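The values are calculated or read from the model by the stated rules, or taken from the named source; none is laboratory data. Not measured: the values here are computed from a predicted model. Ideal geometry is used to build each Cβ from the backbone, glycine not excepted, and the neighbour counts take in all protein chains shown. Please note that ligands, DNA and RNA were not included when accessible areas were found on the heavy atoms of the full protein model with its side chains. Shrake-Rupley method; radii C 1.70, N 1.55, O 1.52, S 1.80 Å.
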Amino acid sequence: MQSATALPGFERLLEVCQGRAHPLKLEPPLPSGGPVEPSVAGQPMDPQLAALYARAGYLWVRDELYLFPARHERRPDLHRVNAHWRKDWAEPFGSLLVFAKDDRLAYCYATVPSLADARGVQPVVWIDVYEALYAVPVASCVDHFFTTYARYLETAPQDSADGEDSPPRRTFPWNASEAIARDAELVRRVQAGHFDFLMKESARAREWVATWAGTSVRR
């Protein structure tokens, strides 16, 4: 079993971005940041997320996603974003711990504290805030999320010099079903119905998850 604080998936994502010359920005934690806090706006900090923040103050992958810094004077940061999130969204969504965002749109990535395992490790979901709020599972833990995203980027077409000849832009998670389904622990938890409560408002989400998880999702 992978250590709760090991981050091979994060390292793999960096390697894939560098190998494909995909624009990436990685900043160290702020010198005055201090130790990673054990909770975020009333929710327990995921241990893998804490390990990530101990190494990285900010991560940006162009056109894909960016990680909220733990604390920052100017940028939206993990603690302020989640304080506002608790006020803006009703349960069960208000108790998610949002840690990253799509680089172009308002979609978010969050851990699910209520589904933490015995080590405190929390699965990751992608959240659609545009329609009736819903979330879909994308990884069994934070580091596996980075593993999955690295696999997704590995299969992405290289940018064409002529934009008109480029294939339509893919989107995560909808075009990452194969990579997501390689997370055996996530598939097991989906089949056990652990994420059903987050997908009630979206037939599209339930049908899509059922295609790669090999199970029906209850309303």
Just a yes or no: is a residue in segment 15-35 closer than 24 Å to residue 119 by Cα, among the aliphatic types (A, V, I, L, M) and touching a Phe, Trp or Tyr at 6+ places or on another chain (Cβ under 9 Å)?
no
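Just name the residue that is nearest to the chain's Cα centre (by Cα) out of those in segment 36-78 that are among the basic types (Lys, Arg) and more than 30 Å from residue 118 (Cα to Cα). Break it down into steps so the answer makes sense when it comes.
Initially, segment 36-78 is screened for residues among the basic types (Lys, Arg), giving 55, 62, 71, 74-75.
Next, from what is left, pick out any that are more than 30 Å from residue 118 (Cα to Cα): 62, 74-75.
On the way: 62: 15, 74: 23, 75: 19 Å.
Taking the candidates together, the pick is 62.
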Please enumerate the residues belonging to segment 179-215 that are touching a Lys or Arg at 6+ places or on another chain (Cβ under 8 Å) and without any contact (Cβ under 8 Å) to a residue 40 or more places away in the chain.
179, 182, 193, 196, 206
Under 8 Å between Cβ atoms, which residue pairs at least 6 apart in sequence (or on different chains) link something in segment 57-81 that is farther than 15 Å from residue 146 by Cβ with a partner that is of a type in the set (S, T, N, Q)?
none
Can you give me the number of residues within segment 50-63 that are under 23 Å from residue 22 (Cα atoms) and in a helix (DSSP H, G or I)?
3
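Residue 20 - would you say it is open to solvent by 60 Å² or more (accessible area, probe 1.4 Å) and in contact (Cβ under 8 Å) with a residue 40 or more places away in the chain?
Numbers: open to solvent by 60 Å² or more (accessible area, probe 1.4 Å): no; in contact (Cβ under 8 Å) with a residue 40 or more places away in the chain: yes.
No; evaluated as a whole, the condition is false for this residue.
Does residue 11 count as within 24 Å of residue 171 (Cβ to Cβ), part of a helix (DSSP H, G or I) and open to solvent by 30 Å² or more (accessible area, probe 1.4 Å)? Explain how you work it out, then say what you get.
Values: within 24 Å of residue 171 (Cβ to Cβ): no; part of a helix (DSSP H, G or I): yes; open to solvent by 30 Å² or more (accessible area, probe 1.4 Å): yes.
No.
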Do we have residue 42 as modelled with pLDDT of 90 or more and exposed (fewer than 13 other Cβ atoms within 10 Å of the Cβ) here?
yes
For the structure I just gave you, tell me whether residue 177 is in contact with a Ser or Thr (Cβ under 8 Å, 6 or more places away or on another chain), at pLDDT 95 or above, closer than 27 Å to residue 15 by Cβ and polar (S, T, N, Q).
yes
